[in-house]
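Written out below as structure tokens is the structure these notes cover.
The values are calculated or read from the model by the stated rules, or taken from the named source; none is laboratory data. From a predicted model like this one, the values you see are computed outputs, not experimental measurements. Here the Cβ positions follow ideal geometry from the backbone for every residue, glycine too, while neighbour counts run over all protein chains shown. These accessible areas exclude ligands, DNA and RNA; they are computed on the full protein's heavy atoms, side chains included. Shrake-Rupley method; radii C 1.70, N 1.55, O 1.52, S 1.80 Å.
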Amino acid sequence: MIEKITVEELKQMQEKEGIVFQGCGGELQEWEDGVNELLTESGILLDGDTFKNVYAFENEGLTNLFFDMEGVKLNMGKLAIWRINTHQQFGGTWLSDYLANRFGMGEELKSSMEPEL
């Protein structure tokens, strides 16, 4: 079951990580089922596991879905490659990147990791 949240609620999920799919049209349950099926077939979701916590939110006129990775058995390396290879098709991005790029959140963390000159 997909939980609808606000952008403000999404911003409170900074400690989580997962994939945000941007511009999801049609029936959202079909997106959840389809992504879980694709990732199972691709050998990314392991041991019959699926994404259980999926959130829908609206931003900049788009309906987006956040698939929370917490507690999900998956092959992280394969997921990273899959996300890059399907970015054009699905607009998939990591939640941390989405929050940084759309709302400037997490910038202080990035700057603190840069080497001092």
Scan of the stretch 70-99 for residues that are under 23 Å from residue 59 (Cβ atoms) and in contact with a Phe, Trp or Tyr (Cβ under 9 Å, 6 or more places away or on another chain), ordered by number: 83, 90, 91, 92, 93, 95, 98
Residue count, the stretch 1-33 (criterion: free of Cβ contacts under 8 Å to residues at least 12 places away in the same chain and either in contact with a strand residue (DSSP E or B) (Cβ under 7 Å, 6 or more places away or on another chain) or surrounded by 12 or more Cβ atoms within 10 Å (Cβ to Cβ) (or both)): 1
The stretch 59-97: number of residues that are in contact with a Cys (Cβ under 6 Å, 6 or more places away or on another chain) and either open to solvent by 40 Å² or more (accessible area, probe 1.4 Å) or of a type in the set (A, V, I, L, M, F, W, C) (or both): 1
Hey, residue 108 open to solvent by 60 Å² or more (accessible area, probe 1.4 Å) and modelled with pLDDT under 95 or not: yes
Complete set of residues in the stretch 17-32 that are of a type outside the set (S, T, N, Q) and over 15 Å from the mean Cα position of the chain (by Cα): 25, 26, 27, 30
Those residues of the stretch 34-58 which are within 12 Å of the chain's Cα centre (by Cα), open to solvent by 30 Å² or more (accessible area, probe 1.4 Å) and either hydroxyl-bearing (Ser, Thr, Tyr) or over 16 Å from residue 94 (Cα atoms) (or both), in sequence order: none
